[in-house]
Structure formats: structure tokens, C-alpha cells
Amino acid sequence: MSSVVKDQSHSSDALRAPREVFTTSDGWRLSYYADSSHQGRPLVLIHSINAASSSFEMRPLFEHYRQSRPVYSLDLPGFGHSERRETGYSPERYAQAIAEFLDTVVREPADLIALSLSAEFAARAARDAPERFASLVLISPTGFGSQSLPRPSAARLISGLVKRPVLSQRIYDLVASRPSIRYFLGRSFVGRIPDEMVAYAHATSHQPGARHAPLTFLSTGLFSAEPMDRLYAKLGNLPVLAIADQDPYIDFARLPAFVAAHPSWRMLALAPHRGLPHWEKPGETFTALDDFWASGRLRNAA
């Protein structure tokens, strides 16, 4: 049985909001931020997966929508202030965390926004428990590229490397260094990277146990097989908006055809951005989201 308690830790927070902890049915302690001072349909935010992920990635969305509706942002297992075990990370684990969070904490159907690879986790949760979702927004979702991710040859190579403890630690130290964080974030921005984003990414990636989930990601263990057919196509009539323009790590070659074949889906580009439109095009992003939630009928755009 899941439970919720106040988070009494004194570490730096990603969001200027109350932070609490709930425990999943299988014992994972997961942290989340919440502002429920307004009435309305809940909004749940799910950050991406990388070496330095946390709820900080969703800050513009949280700060904007907390002014008008209940908003929650979950730190996924292995990231932010959530528990960082050595093992146990998988697509199923992340989908379960999202589903239990909705069931235990939010307790009513919610609009959910997921970023990048977390779109696959959210889709899996929505496929298995559609009653918990009012709508789904996927920002730069994985799984629609011209080639499957990860590519088999690269997957075998990376998986072999990260399974060697000393080498895997060195790999993580490199990708979590401040220059590396600035470089990879720089690829995701058209304009200037916010300095506070770099600082928080570096801080959260150097907490005890911070390497475990990212190394599972680097070993390709968090990708789902055939997500278009096995996850996204199984969402029935759930309203889904995909916001996709350019991304330095993935492409969206198959997304337009998929959207055209699924009436409950909409696609929108908010160019120019490279995967983080809520940071670089916040006004346009908020307008697109409001229109989608208000009508459920956004004109397809590319």
C-alpha cells in the first residue's frame, strides 16, 4: 500500500514549492512537488531521463500553471530527491511509479505532461490505467524516429561498457561533469542556457547514488521495444498532443503519419526549439496547451 509523508530533508529544491514523499506499493520512496492552492483539474509533470534529470526541467510549466490549477511534479525513481537504489530501473518501474502517483496522491483523472523518454513511461501507464488520465501531452517524445532507439550495435557496446564498475563510474563522471552538462544542455537550446539550470543539474547529478539510474539509461535498459505499436497506438480515445520540432538526439520522422492515423492525437511544432519549448517558447507553449485542454481539437501543424 502506498503512503504519503512530508519530506523533511534540507537539500536544495528544484521548485519553489512544498515537497513531499510518497512510498510506492513495493517500497520506493519518491519525492514530488505540489501546489494545490487552486481548484481545477490536476496537472502532473514528468521530467525527462538523462544524467542530471529532475523536476527542474519542468519549472516554467509548474510556475505558470500553479497560478490557476493544482500542479504536481514527480521526481522519478533514481532522480531528484527520490530514492536512488543501485538496481531496479526499467520502463515498467517508471510506468508503475507514475500510475501509483496518480492513484495515491492525485486521486482523480489528471492532465499529464511528459518530456522525451518519459513519454514512453507515461504512455505505458495510460495504456494500463486509462481511467487515471484526462489527457496526455508529450514534449519531444521518443519512439517516432526513422530508426529504432537504441540502435542494436550501439546498445550492445554501451551495455557492455557500463556493466564494468570502474569504467562505468568513469563514464558517469564524464557525462555528469559541469562542462559536459553545459555541452549537452547547449545542444537542447536554440538560445542561451539558463545558468541556474546548469547549476542545479550539476548539483543533483552529484548526490549519493546519482549514477545508478543514468547508467541504466546509458546501457539502453530504459527504452521500450516498438513503442509506437505497443504503447502509443494502445491509448484508445485518450486526447494526446505531441509537441515536436527539432531535437539533437532523436527525430520524429514517423510522427506525422502516426497522428494522421489516430484521430485522438494532435501534433504541433513551436519552432524554433530543440526539445524544450516550455523554456524557449513559453508563451506559445502555454497557449497551445490551453487550447488543447479547452477544446481537445488542435489543428495539426508541422
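Positive contributions from Lys and Arg (+1) and negative ones from Asp and Glu (-1), summed over other residues with Cβ under 15 Å from the Cβ of F286, come out at -2. Rg and Dmax over the alpha-carbon atoms of segment 3-295 stand at 17.7, 53 Å.
Of all DSSP beta bridges confined to the chain, the antiparallel ones make up roughly 35%. Taking a Cβ cut-off of under 13 Å around H47, the surrounding Lys, Arg, Asp and Glu residues balance to a net charge of -1, with basic ones at +1 and acidic ones at -1.
Values in this text are rule-based calculations from the coordinates and carry no lab data. Remember, it's a predicted structure, so these values are computed and weren't measured experimentally. With ideal geometry, Cβ positions are generated from the backbone for all residues, glycine too; neighbour counts draw on all protein chains shown.
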